[in-house]
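First comes the structure, then the notes that go with it.
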Amino acid sequence: MRLVIRNLQVSYDKIRALHGIDLTISQGEIVCIIGANGAGKSTTLMAVSRMVPVEKGSVMEFCGHDLLGYPPEKVVSELGISHVPEGRRLFGNLTVRENLTLAAFARNDKAGIARDMDQVFTIFPRLQERISQLSGTLSGGEQQMLAVGRAYISGRKLMLLDEPSMGLAPLLMISMFEALKEINKSGTTILLVEQNARLALKFARRGYVMENGNIVMEGEAMELLDNPDVKKAYLGG
Amino acid sequence: MQLFLQNMVNAMQWGSFYALIALGYSMVYSILMLFNFAHGDIFMVGSYIGFGVATALLGLTVAFNFPLPGWVILVFTIILSMFLTSFVGMFIERVGYRPLRDAPRASAAITGLMIGIILETGNLALLGAERLSFPPLIDTVIFTVGGVHLTNKKILIVGVSLAMMYALHVFIQKSKWGMAMRAMSYDFQAVPLMGISINKIAPLTFAIGSGLAAGAGILYSLAYPVLDPYMGVLLGWKAFVAAILGGRGSILGAALAGFVLGFIEIFSVWIFPSTFRDVIAYSIILLILTIRPHGFFGQAHSTQLRL
Ligand SMILES: Nc1ncnc2c1ncn2[C@@H]1O[C@H](COP(=O)(O)OP(=O)(O)O)[C@@H](O)[C@H]1O
Ligand SMILES: [Mg+2]
């Protein structure tokens, strides 16, 4: 399984946010995109999940399927690509259980759903304790757990994560990334976007660096961590 | 006291009509941020469909010489008409509103008004200006309890309405479709990320709202068996007032406000001359809205308020 992106261009009201980026991910990889605020990281993920329209000439393929032929809901339900968007976008008026149930809306495999629910509670036991609570009243860390849990149930061939560390205390960040590693080991490919570049590069195998809607560098995460330019721009010297 | 209870009974009946229709406005608003101004006319269409179904069923029982009791025909009329009218709602969503989903809300609102006019005048063109009278499926039976007059029809109207509202409540709270509707009312853009198509939830919502309007139409026709193409206009506007009074997008609020509207109207007539009914009643509602501009259960979260 591979995600192949070539010449991806996205505009908002005629202002170009992505200037034709190329990106490839293989089965089972963890890949991160780092970059400053406004670089185009979230836009890249939204293009893959078909939440924003792309310009002519853009190519996006997943396991040989042309992503451009799929509406957003089918990207999830048919291709198994889930997206934890910026700000998490939980349904705050629904309980934890309802949020997770909704994530299985398009699935018909009862046994599989039950198994995945159990798996989510094994990874995030805290969610089980909060199961009947409205998701809008969860703490930031718990909300992030629920957002990832939801993604795990809705589609998990490829998980797109937009700043999973956002708003979390350092200890929680680390346990969140450990949970993600766990999910990755079970076969889920992960593409994540982070402003916390050090954390992301320690966690991922490969990384891309974005600036002003372009990919300006790519390589093994280890190499990027040692790269003097990256150090200067994103790792605080 | 007797007079008070008598008025209560009548208020409950009118409240049932308003509440059932108001629910349709509220449900559509809560998921699409759109007031479906054709909804009063869907009530009208539902009544006519009810008329057609009832007449056809009566005709069939005569043709096959198989007389059925009136209440059996009534039950089938209600179920079949709700079912058929739900398709009218889905059709309106598909051709009228879906193409305008990203358009300014004002365009979508006038679309509703235009659809309403088309339904009214289309009906006029098709069936003529003559008023139809709804077949009397059941005889009126009057009970007197402690000096208060009840009729079997009033009990039926209020009972069936409450049952429909309860069924809707259970559906919205317990089924996964209801869950998706609630999710959509909170953040409709995030719904596709769960693998759920908005193009399934929106028609479903129109279908349910229209079905309830048809139910209201038949119950209304039991009490006031005269059908005309403009019967949904005033009633529709009043139900819309109830939907606003309940709090935009609040299902519970719409039902409650429907009954409140019924009470205010009936009790205005108790005190003032009946010609002043709506003047008094709607002045009171204006006053309530001045004090509570968001209605009874106006939502504070409204992250995506567009109208
Ligand atoms: N909805 C939008 N409308 C207009 N411009 C937008 C919108 N979303 C993002 N942009 C612009 O697109 C560019 C990339 O944004 P984004 O992908 O959110 O960056 P990042 O996630 O890296 O912070 C920025 O210049 C931003 O201002
Ligand atoms: Mg971003």
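The values are calculated or read from the model by the stated rules, or taken from the named source; none is laboratory data. All values reported here derive from a predicted model rather than from experimental measurement. Cβ coordinates were reconstructed from backbone atoms using ideal geometry, including for glycine residues, and neighbour counts include every protein chain displayed. Side chains are part of the model used for accessible areas, which takes the heavy atoms of the whole protein and leaves out ligands, DNA and RNA. Shrake-Rupley method; radii C 1.70, N 1.55, O 1.52, S 1.80 Å.
Before moving on, here are some points about what is shown:
- For the stretch A:163-213, the gyration tensor built on C-alpha atoms gives an oblate shape. Its axis ratio a/c (a ≥ b ≥ c) is at least 1.5, and a/b is not larger than b/c.
- Rounded to the nearest 20 debye, the dipole size of chain A about its Cα centre is 280 debye, using +1 on the Cβ of Lys and Arg and -1 on the Cβ of Asp and Glu.
- Average 1/r across all pairs of distinct alpha carbons in the stretch A:1-139, invert it, and you get the Kirkwood radius: 17.0 Å.
- Taking Cβ atoms as reference points and 14 Å as the exclusive limit, the residues near B:Ile201 contribute a net charge of +3, counting Lys and Arg as +1 and Asp and Glu as -1.
- Most mobile of A:Ala147, A:Ala200, A:Ala179 in a GNM of chain A (Cα contacts under 10 Å): A:Ala179
- The candidates B:Asp41, A:Asp22, arranged from most to least accessible area with a 1.4 Å probe in the full protein assembly, appear as A:Asp22, B:Asp41.
- The A and B chains share an interface that buries close to 2000 Å² of accessible area, total over both sides, probe 1.4 Å.
- All lysines inside 24 Å of A:Lys181 as judged from Cα atoms, apart from same-chain residues fewer than 8 positions distant: A:Lys41, A:Lys157, A:Lys202
- Spherically averaged projected area in nm², based on the convex hull that wraps the Cα atoms of the protein assembly as shown: 30.9
- Heavy-atom accessible area per residue - the stretch B:23-232, 1.4 Å, Å²: 43
- Whole-percent carbon and sulfur share, accessible surface of the protein assembly as shown, 1.4 Å: 63
- Based on DSSP H segments of at least four residues, each scored -39500 (n - 2.57), chain A has a per-residue ellipticity at 222 nm of -11000 deg cm²/dmol.
- Once you divide the Cα radius of gyration of the stretch A:129-232 by 2.2 N^0.38 Å, the number left is 1.17.
- Whole-number percent relative contact order across chain B, with pairs defined as alpha carbons under 8 Å at least 6 apart: 37
- Those residues of the stretch A:93-110 for which accessible area with every protein chain present is at least 10 Å² below the isolated value (1.4 Å probe): A:Asn93, A:Leu94, A:Glu98, A:Thr101, A:Leu102, A:Ala103, A:Phe105, A:Ala106
- Förster radius 35 Å - calculated FRET efficiency between B:His169 and B:Arg131, Cβ distance, rounded to 0.05: 0.50
- Computed over chain B, the per-residue total of -39500 (n - 2.57) for DSSP H runs of n ≥ 4 gives a 222 nm mean residue ellipticity of -24000 deg cm²/dmol, rounded to 500.
- Stokes-Einstein D for the stretch B:23-232, Kirkwood Rh over Cα pairs, 4 °C, 1.567 mPa s (µm²/s): 70
- Around A:Ala104: net Lys/Arg minus Asp/Glu count, Cβ-Cβ under 10 Å: +2
- Simple rule: put +1 on each Lys or Arg Cβ and -1 on each Asp or Glu Cβ in the protein assembly as shown, find the dipole, and look at B:Gly146, B:Ala125, B:Ser30; the Cα lying farthest toward the positive end is B:Gly146.
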